[in-house]
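To start, the structure under review is shown below, and the notes come after it.
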Amino acid sequence: MAYYKFQSEWALTAAVGRVFELACHPEDFSTWWPSVKVSQLLEEGDEDGVGARAAYTLRSPLLYSMRFVTTTVEIQRPSRIHALVRGDLVGTGTYLLEGDENRTQVRFVWSVSTTKTWMNLFAPLARPVFVWAHQRVMQRGAVAMAKHLGATLLSTSTAVPSDRR
């Protein structure tokens, strides 16, 4: 399996609580995030949301789809959501939020391996293209989140801190 670690950061003029609540409802992502074609709650978690399971289908700008299920394993309101990922991607995704009533800094750390045979076969040559596709999906998500919240997107970036585990 090919391993990827991404760190996306978004800054927007929205209260941290509002951003956190949006991130806590992944079943609604397909209503506002253009690259998320399907988002469905499979199982509700406990009163805090721990144990919640959601299924997704994402469409990359390169026109391939990725399907996976997340299971929320940790929530610290309003600063952290950590989930396990299984399906076409295997690994973890973590939202880290800092802010106040006027501004929020979102950091999303995605540490995953691909399970699709064709992606793993092409990864040695296509890694830069797959990284670009992820960056584009996240850029579209940042713009869409700000618009959905009626906020201004102040900055967005995606880094690849490490290609190795």
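The values are calculated or read from the model by the stated rules, or taken from the named source; none is laboratory data. Given the structure is predicted, the values throughout are model-derived calculations rather than measurements. In this analysis, Cβ positions are derived from the backbone assuming ideal geometry, glycine residues included, and neighbour counts consider all displayed protein chains. When the accessible area is computed, the model is the full protein with side chains, heavy atoms only, and any ligands, DNA or RNA have been set aside. Shrake-Rupley method; radii C 1.70, N 1.55, O 1.52, S 1.80 Å.
Element breakdown for the range 1-112 at a 1.4 angstrom probe: carbon and sulfur atoms account for 49% of the accessible area.
Rounded to the nearest 20 debye, the dipole magnitude of the chain is 860 debye, with +1 charges on Lys and Arg beta carbons, -1 on Asp and Glu beta carbons, and the Cα centre as origin. In a fully extended conformation the segment linking Lys147 and Ser79 would gain 22.4 nm over its present Cα-Cα distance, using 0.36 nm per residue.
The mean sequence distance of close C-alpha pairs (under 8 Å, at least 6 residues apart), as a share of the length of the range 68-137, puts its relative contact order at 21 percent. Ordered from longest to shortest, the equivalent ellipsoid semi-axes for the chain are 25, 18, 14 Å, each the square root of 5 times a Cα gyration tensor eigenvalue. Just tell me which lysines come within less than 18 Å, Cα to Cα, of Lys116; anything on the same chain fewer than 8 places away is out. Cross-link targets: Lys5. Mind checking which aspartates and glutamates have their Cα closer than 20 Å to the Cα of Lys147? Skip sequence neighbours fewer than 8 apart in that chain. In chain and number order, the partners are Glu9, Glu21, Glu27, Asp28, Glu98, Asp100, Glu101. Gain on full extension, evaluated as 0.36 nm per residue between Trp32 and Glu101 minus their Cα-Cα distance, stands at 22.6 nm. The GNM of the chain, with springs linking C-alpha atoms under 10 angstrom apart, assigns the highest mean-square fluctuation among Glu47, Glu27, Glu101 to Glu47.
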